[in-house]
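Comments concern the structure below.
The values are calculated or read from the model by the stated rules, or taken from the named source; none is laboratory data. What you are looking at is a predicted structure, and each value in this text was computed from that prediction instead of being measured. For neighbour counting, all protein chains shown are included, and Cβ atoms are generated from backbone atoms with ideal geometry for every residue, glycine included. Ligands, DNA and RNA are stripped out before the accessible areas are found, and what is left, the full protein with its side chains, is counted by its heavy atoms. Shrake-Rupley method; radii C 1.70, N 1.55, O 1.52, S 1.80 Å.
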Amino acid sequence: MHIKTIIATFLLFTQASLVAQEVLTQEKAVSLALENNYGIKLVNKDLEIANNNADILNSGYLPTLTGNAGANINRDNTEAEFSDGRVTELKGAESSRYNASVDLNYVLFDGLGRSYNYKRLKETKALTELEVRATIENTVMQLFTIYYNVAEIADNYNAITQTFEISKDRLKRSQYQFEYGQNTKLDVLNAEVDINNDSITVLNTRQQLRNYKRDLNLVLGNAVSHEFDVDTNIGFNTIYDKEALKQKAIANNISILQANKNIDISELGINSEKSAFLPTVGLIGSYGWNKSDNNAASFVSVSTTTGLSGGVNLSWNLFDGGNTITRVKNAKINLETQKLQKEQLLLTLERDFNNAWDNYHNRLNIFRLEEDNIRTSQNNFDRTQEKFKLGQVNSIEFRQAQLNLLNAELNRNKAKYLAKIAELEMLQISGELLNVEF
């Protein structure tokens, strides 16, 4: 491709990128993700199911009411002998019976089993709410990881574009100097090679930026239907109190909260299994209607009855072969397991928090050093550029100073967003990720 064609292609892309685009702020991105992310939508469906399960309609506290009806028709051959000696023989005598009833069954006492089961359902609902929060936290982290990738590539694109502009100016200068006999054709060729390489870097970076924006929009549930930019201005909180943040981690970390809830559920499970040792007392009631049409061999040809009936029943499983004892033992073991897992989580949490704390401050220091390096590289490039214009340094030295400045800017951009992601990771471990303003 001719060098003029390369420049024209780049200018076409640049002009397209100069069209004003909406800036997708961090606050707006979070709002769109919470509303449209499919992972959050799916876990909210689980929460709806948990809400239904924890409702009074699923508690066992309400009575059952059953309607029954039936009909029975017989056609019999009957031989009947009466007390006065008469004998009657019937062929195909028909008789029928009809019945209908409404039956009520209500458990008055079941050893408190349904009480503990109902509490377990409510605790399970609370556990599902924690799972929703965990999904939201992970989605927010995923969102900002990609968001800051987009921001980093956008900053890189600007830096690379500036480098390309410098290379264009250098090419023009080399061509003029060659025309006036101040340098050789080699300097022009070197400038063309460099601008060609810069053009490729620009195009690749632009495509990379487009790809990351699509990744970001996917996390947002494809809620953004137009071109957008992201906010590359970010700040850091440098006044965290380590001990206070660590205590928040112990109290609010999502894994610890889930472990506590599992312990509560296991304790209720033990009591629920123990309820099988106690009797069950139930109340039964019925209102029924019965009608019988008898054949000629019966003393009563038609009878109809209606009425109420009620009673109390008691059931006590005195010994079930040891199944209840086994279930209680296993429930206690499960509780011990949950407590051991919490202890393990606390140890892991302490390690992860210390790592996250050190990682954040280390990356923050690196970012500050990279900013210092930018100033040094910029000063070096400015001086080299002045000498290059005066003919005191050659094109190779100028190009090296140009690349040093570009690499310093790319490294600074990378360090900047890595430090911000490290801060968010520390906040997530501390349970504070959803409590900060973005």
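When the Debye formula is applied to the Cα atoms of segment 296-438, each taken as the same point scatterer, what base-10 log of I(q)/I(0) results at q = 0.17, 0.19, 0.21 Å⁻¹?
-1.02, -1.11, -1.19
Going Cα to Cα from K168, which lysines come in below 22 Å? Please leave out same-chain ones fewer than 8 positions away.
Within reach: K4, K185, K387, K389.
Round to the nearest 0.05 the FRET efficiency obtained for L186 and D358 when R0 = 56 Å and r is the Cβ-Cβ distance.
Result of the calculation: an efficiency of 0.65.
Assuming 0.36 nm per residue, please report the length gained on full extension of the stretch V23 to N197 beyond their Cα-Cα distance.
Result for the pair: 59.6 nm of gain on full extension.
Which value, in debye to the nearest 20, gives the size of the charge dipole of the chain about its Cα centre, when Lys and Arg are +1 and Asp and Glu are -1 at the Cβ?
About 720 debye.
Can you give me the C-alpha center-to-center distance between segment 295-371 and segment 149-177, rounded to a whole angstrom?
Cα centroid of segment 295-371 versus Cα centroid of segment 149-177: 62 Å apart.
Suppose all protein chains stay in the model; what accessible area per residue would a 1.4 Å probe give for segment 103-211, in Å²?
With all protein chains present, segment 103-211 gives 48 Å² per residue.
Which helices, counted as full DSSP H runs in the chain, have an axial Cα extent of no less than 20 Å and a Kyte-Doolittle average of 0.0 or above?
3-17
Put a dot 7 Å past each Cα toward the Cβ at D169 and L47; how far apart are the dots in nm?
5.5
For an R0 of 30 angstrom, estimate the FRET efficiency from the Cβ-Cβ distance between Y287 and E89 and round to the nearest 0.05.
0.15
Rounded to the nearest percent, how much of the accessible area of segment 183-260 (1.4 Å probe, protein heavy atoms only) is carbon and sulfur?
49
Assuming R0 = 56 Å, what is the FRET efficiency of T376 and A251, from their Cβ-Cβ distance, to the nearest 0.05?
Plugging the Cβ-Cβ distance into 1/(1 + (r/R0)^6) gives 0.80.
Using a 1.4 Å probe on the protein heavy atoms, what percent of the accessible area of segment 293-406 belongs to carbon and sulfur?
52
So, with +1 on the Cβ of K and R and -1 on the Cβ of D and E, and no other charges, what is the size of the charge dipole of segment 142-194 about its Cα centre, to the nearest 20 debye?
160
So how much slack lies between T64 and R351, counting 0.36 nm per residue of separation and subtracting their Cα-Cα distance, in nm?
My answer for the length gained is 98.0 nm.
When all protein chains stay in place, what accessible area (Å², nearest 10, 1.4 Å probe) is found for R97?
Rounded to the nearest 10, that gives 100 Å².
On alpha carbon coordinates alone, what is the Rg over Rh value for segment 188-230, Rh being the Kirkwood radius?
Value, to two decimals: 1.27.
Under 22 Å Cα to Cα from K416, which lysines show up? Leave out anything in the same chain fewer than 8 places away.
Output for K416: K28, K213, K242.
Once Rh for segment 357-411 is found with the Kirkwood sum over Cα pairs, what is the Stokes-Einstein diffusion coefficient at 20 °C and 1.002 mPa s, in µm²/s?
176
Ignoring ligands, DNA and RNA, how do I73, I160 rank by accessible area with a 1.4 Å probe, largest first?
The most accessible residue leads, giving I73, I160.
Report the one residue of N44, T306, G282 whose Cα lies farthest in the direction of the positive end of the charge dipole of the chain (charges on C-beta: Lys and Arg +1, Asp and Glu -1; origin at the Cα centre).
Highest projection toward the positive end goes to N44.
Just for the Cα atoms in the chain, what are the lengths along the principal axes, largest first, rounded to whole Å?
152, 54, 33
Charges only on Cβ, +1 for Lys and Arg, -1 for Asp and Glu: so what's the dipole of segment 236-362 about the Cα centre, in debye to the nearest 20?
140
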